[in-house]
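Any read-out appearing in this document is the output of simple, stated calculations on the displayed coordinates, not a laboratory observation. Because the structure is a prediction, the values reported are computed rather than measured. When we count neighbours, we look across all protein chains shown, and the Cβ atoms used for this are built from the backbone with ideal geometry, even at glycine.
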Amino acid sequence: MKASPLAYWVVLPLLVVFWWLMAWQLDTSLLPSPLAVLHTLQHEAASGELQRHLAITLQRVAISFTLAMALGALVGIAMGRLPLVNALLDPLLVLLLNLPALVLIILLYVWFGLVEAAAILAVVINKIPNVAVTLREGARSLDPRLEQMARVYAFSPGQRLLHVWVPQLFPYLMAATRGGLALIWKIVLVVELLGRSDGVGFQLHLAFQVFDVAGLLAYSLAFIAIVQLIELVILQPLERRASRWRRSGAQHA
Amino acid sequence: MLDFATPPDHPVLSPMTLCIRHGDRICLLGPSGTGKTTLLNRLAGLETGQPRPALRIGYLFQEHRLLPWRTLHDNLRLVGVRSDQVSSLLAQVGLDGYGEHFPDQLSLGMARRAALARCLAVRPELLLLDEPFASLDPHRAAELQALIRELLDRTPRMAMICVTHEVRDAAALANRVWYLTGRPARLEHDEAVDDHPDAVAGLARRLEALGRGAAADAALAGGAPV
């Protein structure tokens, strides 16, 4: 069940107050006050650095998310529908699911050098197994009665995909999207920290080297805000629209 | 019109050859679990490994099997109904003005009629009805039966096969009766039915005899009694 929005308005301000009290008590640059973080944020935004690095990181998130979703969904659906594909790919899936993201990132950087393609590939390969597992579950739950219906009424492959499969897979696609965004942007930061010279991850790296906690928090908060914005502006309206038929209820029953 | 044979090694149906002619109105009766729906699916080419049937088929499944996430209008558009013909098709089944409703907003009887509209949309040569009157109250069942009779009268060349439990439905809709019984299921035939009460009683007696005969045969052959 979704938590009430009221909780956010109580818990989050409390957290800020607690943070502020701690900062005030400790009085150290290792825990700057919320105001100091806001000031850093303002400064970074004024210089244009914040926007530049956010944009680069967002671009990496978008590219790797799109690739991981497309490939993962393809693999997952194939595994859910075709026992042979499932038998062949399942061991690989288990391997990748258990491989630490960090190992994959380091390997790809070692093999291909600190290049953009290696960074994106590392994120994509990290995410594909999660998407595939979710969509495999979805593909297995496709209603065989609607498959029969689609066969009797000679639906084209495109119609079957768009009108029979996608609506049934939609909750699984949304779950993969949510989990995907959360996971991908974290991995993107690690990838940037280890081998890129721009992006939020790189800025965090710089902040870490000079123990600039204010900068660290400023960049993190800015990015969390953006991910939440994506949820509010894109994902939730999409979900509302797609579940219109569900909420309409039985009027004549 | 359609010569149809079940394969020799079918798990549910014993080998049988059926001949369906244009304008046949067949009711398929028999105890539950004998494979009546299996036979319909076989006729519709839905079993694994079956090729697409050569003739146009409309299939009214037990559940409506409309796409719940599409409106009635969109459900009908998906089987090839032109946008400007949707409302007249819905009117034919008494659902005038319901085009923008989602299937789950309708009652059971209405959803079944919407599904019937989809059957008609493909101009079927063979109409398959799987227990169309199940779970409807007697009034709604009678209404739907009248609607189906009217549709049959309008399309004299269309063949129909209707699975039902009620001898009365068979009498009202059919001119041939198939009786499916035994395990694997065998098919017994009966011809010429009409709606007169004496005829219905006669048909019921003959079907009962068919059922007994088949059960006795099964017992003789060492199969489980039905």
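Just rank B:93, A:115, fewest to most, by other beta-carbon atoms within 10 angstrom.
A:115, B:93
On a C-alpha basis, how far is the centre of segment B:138-189 from the centre of segment A:1-32 in Å? Whole number, if you could?
Their Cα centres are 71 Å away from one another.
Can you tell which of B:71, B:37, B:17 shows the greatest fluctuation in a Gaussian network model of chain B with Cα springs below 10 Å?
Checking each option, the largest mean-square fluctuation is seen for B:17.
For labels at residue A:208 and residue A:116 in the simple 7 Å Cα→Cβ model, what's the distance in nm?
Taking the two extended label points, one gets 2.4 nm.
Within chain A, which complete DSSP H helices have Cα atoms spanning at least 24 Å along the helix axis and a mean Kyte-Doolittle hydropathy of -1.0 or higher? All intermediate terms of the calculation are to be shown ahead of the outcome.
Details: long enough: A:5-26 (32 Å, 1.65); A:49-81 (47 Å, 0.95); A:116-140 (36 Å, 0.76); A:166-195 (40 Å, 1.33); A:213-230 (26 Å, 2.28).
For chain A, where a helix must reach 24 Å along its axis and average at least -1.0, the hits are A:5-26, A:49-81, A:116-140, A:166-195, A:213-230.
How would A:231, A:192 line up from fewest to most surrounding beta-carbon atoms within 10 angstrom?
A:231, A:192
Please give the calculated 222 nm ellipticity per residue for the protein assembly as shown, where each DSSP H segment of at least 4 residues contributes -39500 (n - 2.57) and the sum is spread over every residue; nearest 500 deg cm²/dmol?
Values: 19 runs with 284 residues, N = 479.
Result for the protein assembly as shown: -19500 deg cm²/dmol, rounded to the nearest 500.
Once the dipole of the protein assembly as shown is set up with Lys and Arg at +1 and Asp and Glu at -1 on Cβ about the Cα centre, which of B:38, B:136, A:179 lies farthest towards its positive end?
Farthest along the dipole direction, towards plus: B:38.
How large is the Kirkwood hydrodynamic radius of segment B:109-162, in angstrom, based on all distinct alpha carbon pairs?
On the way: mean 1/r = 0.0871 Å⁻¹.
Taking every pair of different Cα atoms in segment B:109-162, averaging 1/r and inverting gives 11.5 Å.
To check my understanding: the extent here is largest minus smallest coordinate of the Cα atoms along each principal axis. What are those three numbers for chain A, in Å, largest first?
The Cα atoms of chain A stretch 72, 55, 29 Å along the principal axes, largest first.
Return the equivalent ellipsoid semi-axes of the protein assembly as shown as a descending list in whole Å, where each equals the square root of 5 times an eigenvalue of the C-alpha gyration tensor.
Computed over the protein assembly as shown, the values are 64, 26, 19 Å.
Counting other beta carbons within 10 Å of each residue's own, what order do A:56, B:57 fall into, fewest first?
Listed from fewest to most nearby Cβ atoms, that is A:56, B:57.
Could you list which residues have their amide H under 5 Å from that of residue B:162, counting only those 5 or more apart in sequence or on another chain, with H placed in the peptide plane?
Amide H neighbours of residue B:162, under 5 Å, 5+ apart: B:26, B:27, B:28, B:129.
Kirkwood Rh and Cα-based Rg: tell me the resulting Rg over Rh for segment A:35-132, rounded to two decimals.
Dividing the radius of gyration by the Kirkwood radius yields 1.15.
What value does chain B have for Rg/Rh, both radii from Cα atoms and Rh as Kirkwood defines it?
Result: Rg/Rh = 0.98.
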